[in-house]
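One structure is given below, encoded as structure tokens.
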Amino acid sequence: MATFTWNYYGGAGPAWTDIAANTVVFSGTGGLATPVTVASWQDETHIGNGDPGTDQCGANHIVNVKYISSTQFDNGSGTETLSDANLVATECTLQILFTDGASVAITNARFYSYDGTTVTTEAVGVDAVAFEQGVAASAWTIINDDAVAGALTNGSIGGDNSGERLDLADQGAATDHTYYVAISASPESVGGKASFDLGIALTYS
């Protein structure tokens, strides 16, 4: 049976931890209940048990990767250029593990954001970007832009639609397939953004 497991890097015992029924929460400085300023990018990333709920990270928090420019990020060490060398796997927001009982090859894999209901509809009131580590990428990919006002000004982008998602690398036959993805988010307006979900889809054979 094929399964997806969404993990975050906690740094110790076990290093990669299943998010399970919890959520990824992007916040300002001061904890997961601190709002992010409109048109600014998150200062912290947490695991919450609601929207946002209470912090479930434990002693070792999920890594925060903040958008600085289309080719730059900051994960707490200052501004760096996006590359596999500068942003290693354990510094990414998520490890997404796809497993199958049989050895299968992966094609047409993609990571996207959506409104939590319809996978082809962008999230409401959010700008978001993503980056796949390990494929020699050098720039963020815009995966959500609900309007022209905000940190990004690219119009309506988002959902599982061609050109509006992060296309992931094909992978050869194996029983386990791993993707490392960094994510950064910014609100376009004041208020909670509960209608902001992340998804992954792929073809395997």
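The values are calculated or read from the model by the stated rules, or taken from the named source; none is laboratory data. None of these values were measured; they are calculated from a predicted model. Positions of Cβ are backbone-derived with ideal geometry, glycine not excepted, and every protein chain shown enters the neighbour counts.
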Any chance the stretch 177-196 includes a residue that's farther than 28 Å from Pro52 by Cα and either of a type in the set (A, V, I, L, M) or under 13 Å from the mean Cα position of the chain (by Cα) (or both)? no
Hey, Ser69 hits all of (1) under 23 Å from Thr141 (Cβ atoms); (2) within 15 Å of the chain's Cα centre (by Cα); (3) loosely packed, with under 14 Cβ neighbours inside 10 Å but one; which does it fall short on? (2)
(1) farther than 20 Å from Val129 by Cα; (2) modelled with pLDDT of 95 or more: which one isn't true of Asn60, the others all being true? (2)
Residues to consider are Ile157, Ile183; find the one that is under 18 Å from Phe4 (Cβ atoms) and of a type in the set (Val, Ile, Thr). Ile183
Scan the stretch 41-60 for residues that are surrounded by 15 or more Cβ atoms within 10 Å (Cβ to Cβ) and either of a type in the set (Gly, Ala, Ser) or closer than 20 Å to Asp127 by Cα (or both) and report the count. 10
Which listed residue, of Gly159, Gly150, is more than 19 Å from Ser69 (Cα to Cα) and surrounded by 14 or more Cβ atoms within 10 Å (Cβ to Cβ): Gly159
Here's a check for you: in the stretch 24-33, which residue that is surrounded by 15 or more Cβ atoms within 10 Å (Cβ to Cβ) and at pLDDT 95 or above is farthest from the chain's Cα centre (by Cα)? Gly28
In the stretch 75-150, which strands (runs of 3 or more DSSP E) lie fully inside it and hold 1 or more residues that are touching a strand residue (DSSP E or B) at 6+ places or on another chain (Cβ under 7 Å) and of a type in the set (A, V, I, L, M)? 94-114, 126-133, 141-145
Failed condition for Asp18, given (1) within 26 Å of Pro187 (Cβ to Cβ); (2) surrounded by fewer than 14 Cβ atoms within 10 Å (Cβ to Cβ); (3) within 18 Å of the chain's Cα centre (by Cα): (1)
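Okay, residues lined up against (1) of a type in the set (A, V, I, L, M); (2) not in a loop (DSSP other than H, G, I, E, B):
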position: Phe4; (1), (2): no, yes
position: Asn7; (1), (2): no, yes
position: Thr17; (1), (2): no, yes
position: Phe26; (1), (2): no, yes
position: Gly30; (1), (2): no, no
position: Val63; (1), (2): yes, no
Among the residues of the stretch 182-205, which ones are over 18 Å from Leu152 (Cβ atoms) and part of a strand (DSSP E or B)? Asp197, Gly199, Ile200, Ala201, Leu202, Thr203, Tyr204
